[in-house]
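The values are calculated or read from the model by the stated rules, or taken from the named source; none is laboratory data. Remember, predicted model here, so these are calculated numbers, not experimental data. Please note: Cβ atoms are built from the backbone with ideal geometry, for glycine as well, and neighbour counts cover all protein chains shown.
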Amino acid sequence: MISNKVVAIMALAMMLVSGCTGVIDEPIDTPDVTLPSDWSTVVSRTVNNPQLSGFADCQTLEESLKQSIAEEYRTQILQAAEEVYYYGGFWMDDTAEMAMDGATAGASNGQTRSASPPREEGKDFSGTNNQEEGVDEADFVKTDGYFIYFLNGNRLEILGVPDFGTITYESNFTIEGTPQAMMLDGDRLVVISTVSPWSVPADSPLRAELGWTDGYQGWRTEGLTKFTVLDITNRSDPVIGKELFLEGYYMTAREVNATVRTVTHTWLNIPGVQSWLNLPSGYWNLDYDDPRRVDIRHKVAYQTIMENQEVLDSLTLEEILPRVYERQDGVLTVHQMSDGECADFVAPSDGFNRGFTSI
């Protein structure tokens with residue numbers, strides 16, 4: 001009987017102890033900040049003016065770009081604080097051209113285009129589907145009447161047509177990345193391909209330029225558009241003359257009078273800037289309707305906005321603009337798009353966005 005009473009008392013004691021421990025709150029590491037009254041104010045915006053406006057100088061461009069990036073992340077952080085989520089992007093325009101020069105002459109032996117008799121497109125052979133006279137559109141098959149060029153997987157294949165009805169196999173050339181299209185101008189061929197930064201060899205100087213420094217593991221951009229300029233004077237042995245890598249994704253291209261113009265779009269990654277909330281572990285132990293959850297989210301959101309601004313203030317304009325990388329004879333040259341006092345950049349007056357459309 002006494003034994004049963006002892007067991008009952010011990011069981012009751014355990015229940016009481018358990019109940020007491022359940023009401024002990026785990027300390028929550030909440031940011032020690034005071035929220036300004038207007039910290040979460042969102043200005044109502046409407047798109048009334050699609051007009052593109054230029055920038056007086058690079059400093060004005062930098063201020064505008066950083067303001068747009070900060071506002072984009074601020075909007076996403078505020079939505080995260082209210083448990084509403086949004087995904088968006090920034091765009092600007094910049095102009096760049098690529099001349100089809102710098103091609104190195106290949107060996108003289110092997111198949112070359114015959115000078116006599118000349119073959120005329122539209123009369124002796126059919127060309128590719130160009131819409132405007134004198135404008136060569138990028139395509140995966142090209143012909144000049146003497147040779148047929150086509151992209152097969154990651155290879156450029158060249159076939160000869162010495163006589164009508166006769167086809168000879170001349171050569172093939174492996175293209176870096178995933179070939180998309182090409183353009184032909186006499187004895188020069190430009191092949192456009194997309195390249196992932198992950199596929200760039202570890203010992204390549206290009207790989208070092210594509211990554212962020214200061215310990216961040218990541219790339220400036222997720223994709224590159226590559227232009228490989230080939231000298232095909234000797235169709236049996238194409239030779240690389242120049243390689244250009246543009247940060248961004250290929251959209252379209254045209255060639256006029258030996259000059260290639262292309263349109264790409266890119267969205268740069270910026271390390272240290274975040275659009276999410278790093279909430280303390282104790283936050284998740286609170287009941288869903290606990291008002292402290294809202295207070296914690298708001299303070300973490302405000303702190304994150306301030307930290308993002310500090311990161312942006314520490315960055316240079318060159319770090320948040322797309323780049324062009326030129327490789328010739330094994331030497332890599334980095335071209336900054338901020339050259340020329342940033343006169344080629346334009347943006348819509350009502351735009352808040354941070355993608356770049358480059359021409």
So is A258 at positive phi and aliphatic (A, V, I, L, M) or not? yes
Against the conditions (1) on the phi > 0 side of the Ramachandran plot; (2) loosely packed, with under 14 Cβ neighbours inside 10 Å; (3) not acidic (D, E), where does G145 fall short? Just the number, please. (2)
From the list L230, L244, L224, L210, which one is touching a Phe, Trp or Tyr at 6+ places or on another chain (Cβ under 6 Å), within 30 Å of Y146 (Cβ to Cβ) and either among the aliphatic types (A, V, I, L, M) or surrounded by fewer than 21 Cβ atoms within 10 Å (Cβ to Cβ) (or both)? L244
Please determine whether any residue of the stretch 69-90 is more than 30 Å from L312 (Cβ to Cβ) and at pLDDT below 55. no
Filter pass, P179 being within 23 Å of Q328 (Cα to Cα) and in contact with a Ser or Thr (Cβ under 6 Å, 6 or more places away or on another chain): yes
Please tell me if I296 is among the aliphatic types (A, V, I, L, M) and more than 30 Å from T228 (Cα to Cα). yes
Can you tell me which residue in the stretch 185-213 is farthest from N152 (Cα to Cα), limited to those that are among the polar types (S, T, N, Q) and assigned to a strand (DSSP E or B)? T194
Residue selected from the stretch 155-171 under the condition farther than 26 Å from V256 by Cα and in contact with a strand residue (DSSP E or B) (Cβ under 8 Å, 6 or more places away or on another chain), by the criterion surrounded by the fewest Cβ atoms within 10 Å (Cβ to Cβ): Y169
The residue from V135, V195, V141 that alone is modelled with pLDDT of 95 or more and among the β-branched types (V, I, T) is V195
Restricting to the stretch 143-184, give me the number of residues that are part of a strand (DSSP E or B) and either more than 29 Å from the chain's Cα centre (by Cα) or among the aromatic types (F, W, Y) (or both). 15
Residue satisfying condition, being under 30 Å from E71 (Cβ atoms), among the basic types (K, R) and in contact (Cβ under 8 Å) with a residue 60 or more places away in the chain, within set R254, R261, R220, R188: R220
Among (1) crowded, with 19+ Cβ neighbours inside 10 Å; (2) at negative phi - the single one C342 does not satisfy: (2)
With the condition being among the polar types (S, T, N, Q), I'd like the strands (runs of 3 or more DSSP E) fully within the stretch 215-277 carrying at least 1 qualifying residues. 224-231, 249-256, 259-266
Sort out which residues of the stretch 319-358 are under 19 Å from A70 (Cβ atoms) and assigned to a strand (DSSP E or B), and write them in order of number. A347, P348, F356
